[in-house]
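Structure first, commentary second.
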Amino acid sequence: MLFSTVATAIFCAFIYVSVIAVPKYTSDVRMAFQVRSQSVLNLESVISGLSADQATINTELGVLTSRRLMEQLVIAEGLVDDPEFNTRIREISPFSVRGIRGALRSLWPPKSEPMDSPSAEQVIRATANRLRNAISVEADRNSFLFSISATTEDPVKSARIADALARLYLQDQVAVKFDAVGHAVDWLSIKVRELEEEAQARQEAIRSLRSSTTLISAEALEALTLRVKDVREREASLESQILGAEAEIMRLSTLMEAGEFATLLETGGASPRSNTSAEEQARALMGTRFAVLERQKGQLAALQTSLALLEGQVTEQAEDLDRLNQLEDEAEATRLLHATFLSRLKETAVQIGMQTADSRILSDAAPGRKVAPRGSLILALAVILGLMGGAGFIWFQQVGVTGFRSALDLEASTGLTILGQVPRLPIVDRAALPGYLRDNPTAAGVEAVRNIRTSLLLSRQDKHPQVITVTSSIPGEGKTTLSLGLAHNLAGLGRRVLLIEGDIRRRTLDEYFDVRPGAGLLSALRGETELGQAVFSSEFPSFDVLVGGDGDERNGDLFSSRNFGALIAQARGIYDHVVIDTPPVLVVPEARVIAGHGDAVVYAVLWNRTTPVQLREGMRQFQSVDIPLAGLVLSNVDPKGMRRYGYSSQSGAYSNYGAPYYDL
């Protein structure tokens, strides 16, 4: 088995490598990045060149396999017309998935309208997606070298695609720089124009301000400020004089009211005159003082008016000076910025014709080398998989199985006598079983039942078992076939045999015979029919059969009644052997009840299917009612399976040694 599994795997691998697999060829181009140190103060470094960080390199590798470059490559190389990448023009194999799907659609055309044909853009996009699967980019560790690989079905095509992609990538780098420089020139030109217009606007604002203000210069404003200061000092001095004059007038008025005219004149600093009275002189002095005071107040009002006018002029001209200085500063800043941008514009314009790619080709692609299918690797894997598969199959057969494969295994597991092994009979229809037993007396299956009959009759030294019950653990384990075979073989000895259908729930025994009388076991148990009238005789050879009969009763308690015991006793008096086909012991309790009326219990075990757990539980059911088993029968044995599993040496009947003796 292991050798055949490995041989099959190698054969399949050889067919795959030599017939099915499509050869693949890989070609690559070696390239290097031109890495520059980047400085934000250098406009040329910002516009072109790659930084040395790994993220930038990985980004460039991603650009190489971008859909935009793939679509450009499809157009440049005309890959839309290549069936390897454009599956729509590929010849469809009738055995492929698409071929089978198309054949089915032709048989059952869809009711909906067919979809529109894809556009040229959609075809290019689909071709580019398939092309991307054929392209791989890989960077060397700790260097700025990288490779572009193309894998196709043609070695020359692989080299052509790899070279074309490398050159498209270099052209794309230059085009990106041209776009960047062009964008920078356009932007700088716009900014230079804007700054020039802004500078002109600021100069015009300065001229307008100079023409609208009375300000001559900052020195004139300073002189005007000094005048304000002088007027303020004069105002303060005059206010002080007025306060003194008012105080003096108050003192003189007090003396005037007191009539001390001489003192008033003396205080006022006037010299008395002899020709005028003191009172008249005092009144004249007071009038002079009042006149002087009024004149001083008039002077003070004039000074205050002049001061307010001067202060307004100072404030207005100071604001104009600040505004003028601000406009001049802004105009100067705009002029300097305009000069800077104009210089950058000239520098950038010079770079338009000096752009180069940031990568270079170190070696062009050569015709591709074959990379698939890798025959030696596939064959090695086939050998490994064959060994694993064969070992797994053997393990599953030896360890994974839960049933019994030989009489020795069955006997070792239970400790009971193995009456025999019945091979799988070459029949499909149940009705063919009696004819097969009659027409093939030397067949291996008939001889196996004959061997079981012999073992059963010799199992007791005192007397042969007369009532034999046949049961199993679950349905489908060959107990009915064994029951019919035993009845056939016992009748072949010239003895009177009765076969009773004890499984009244399923009632399958009448499917083996053409005669189906209305009477049967149920009518006999109810006392409606005598035993002799309920049975019928089979033709090959002659033995009587008591089927379940007509009726709706399915109650197994009928076998616990006195009528069933009386029926078995009556059968003992009429027949030499009574074979009872009972229901499975693990399904219903009738098997144990019926076995209590018998002499021997034959337990059928289905080859390679009945589990030890099922068998032990079935045996325990009989042990619980103290009914011993006469022996076990391994039924439905597959001779080929015995030889395949290595058990043929344990039973010569199923090996090549049995050919001269049996009709195999």
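Report yes if some residue within the range 150-157 is touching a Gly at 6+ places or on another chain (Cβ under 6 Å), touching a residue at least 40 places away in the same chain (Cβ under 8 Å) and on the phi < 0 side of the Ramachandran plot; otherwise report no.
Yes, the range 150-157 contains a residue that is touching a Gly at 6+ places or on another chain (Cβ under 6 Å), touching a residue at least 40 places away in the same chain (Cβ under 8 Å) and on the phi < 0 side of the Ramachandran plot.
Look through the range 599-624, keep the residues that are among the aliphatic types (A, V, I, L, M) and closer than 19 Å to ILE452 by Cα, and return whichever of them is most open to solvent (accessible area, probe 1.4 Å).
Across the range 599-624, the extreme among qualifying residues is LEU606.
With respect to SER455, determine if the residue is closer than 17 Å to HIS577 by Cβ, polar (S, T, N, Q) and touching an Asp or Glu at 6+ places or on another chain (Cβ under 8 Å).
Answer is no for this residue.
When the residues of the range 361-385 are narrowed to those that are part of a helix (DSSP H, G or I), in contact (Cβ under 8 Å) with a residue 40 or more places away in the chain and among the β-branched types (Val, Ile, Thr), which ends up nearest to ILE15 (Cα to Cα)?
Looking at the filtered set, the residue picked out is ILE378.
Please find, within the range 405-425, the residue that is most open to solvent (accessible area, probe 1.4 Å) out of those that are closer than 17 Å to ALA487 by Cβ and not β-branched (Val, Ile, Thr).
LEU425
Looking only at residues that are without any contact (Cβ under 8 Å) to a residue 12 or more places away in the chain, open to solvent by 60 Å² or more (accessible area, probe 1.4 Å) and within 19 Å of THR263 (Cβ to Cβ) in the range 277-321, which one is nearest to the chain's Cα centre (by Cα)?
Only one residue fits best here, namely THR288.
I need the full set of residues from the range 598-609 which are touching a Leu at 6+ places or on another chain (Cβ under 9 Å) and either among the basic types (Lys, Arg) or in a loop (DSSP other than H, G, I, E, B) (or both), in order please.
TRP607
Can you find, within the range 559-598, the residue that is nearest to GLN621 (Cα to Cα) among those that are surrounded by 16 or more Cβ atoms within 10 Å (Cβ to Cβ), hydrophobic (A, V, I, L, M, F, W, C) and free of Cβ contacts under 8 Å to residues at least 60 places away in the same chain?
Once the filter is applied, the top-ranked residue is VAL593.
Applying the selection to the range 322-370, what residues are modelled with pLDDT under 90, open to solvent by 40 Å² or more (accessible area, probe 1.4 Å) and of a type in the set (Val, Ile, Thr)?
Result: VAL350, ILE352, THR356.
Any idea which residue in the range 572-588 is farthest from VAL422 (Cα to Cα), counting only those that are in a loop (DSSP other than H, G, I, E, B) and touching a helix residue (DSSP H, G or I) at 6+ places or on another chain (Cβ under 6 Å)?
Among those residues, the one meeting the criterion is VAL588.
Would you confirm, using the coordinates I've provided, whether GLN326 is touching a Pro at 6+ places or on another chain (Cβ under 8 Å), assigned to a helix (DSSP H, G or I) and not small (Gly, Ala, Ser)?
No; evaluated as a whole, the condition is false for this residue.
Select from the range 60-116 the residues that are open to solvent by 40 Å² or more (accessible area, probe 1.4 Å), more than 22 Å from MET31 (Cβ to Cβ), at pLDDT 85 or above and of a type outside the set (A, V, I, L, M, F, W, C) and list them in ascending order.
Of everything in the range 60-116, those that are open to solvent by 40 Å² or more (accessible area, probe 1.4 Å), more than 22 Å from MET31 (Cβ to Cβ), at pLDDT 85 or above and of a type outside the set (A, V, I, L, M, F, W, C) turn out to be ASP81, PRO83.
Per-residue answers, yes or no, for (1) of a type in the set (A, V, I, L, M); (2) modelled with pLDDT under 90:
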| position | (1), (2) |
| --- | --- |
| SER459 | no, yes |
| PRO465 | no, no |
| ILE474 | yes, no |
| THR480 | no, no |
| VAL497 | yes, no |
| ASP514 | no, yes |
| ALA519 | yes, yes |
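Considering only residues that are closer than 19 Å to PRO639 by Cβ, in contact (Cβ under 8 Å) with a residue 60 or more places away in the chain and not in a helix (DSSP H, G or I), look in the range 426-475 and name the one that is most open to solvent (accessible area, probe 1.4 Å).
Result: THR442.
Is it the case that the range 209-218 has a residue that's of a type in the set (Lys, Arg), closer than 30 Å to PHE341 by Cβ, open to solvent by 40 Å² or more (accessible area, probe 1.4 Å) and part of a helix (DSSP H, G or I)?
Scanning the range 209-218 turns up at least one residue that is of a type in the set (Lys, Arg), closer than 30 Å to PHE341 by Cβ, open to solvent by 40 Å² or more (accessible area, probe 1.4 Å) and part of a helix (DSSP H, G or I).
The values are calculated or read from the model by the stated rules, or taken from the named source; none is laboratory data. Note that the coordinates shown come from a computational prediction; the quantities given were computed from them, not determined experimentally. Counting neighbours? That spans all protein chains shown, and the Cβs are built from the backbone with ideal geometry, glycine included. The area values use the complete protein model at the heavy-atom level, side chains included, leaving out ligands, DNA and RNA. Shrake-Rupley method; radii C 1.70, N 1.55, O 1.52, S 1.80 Å.
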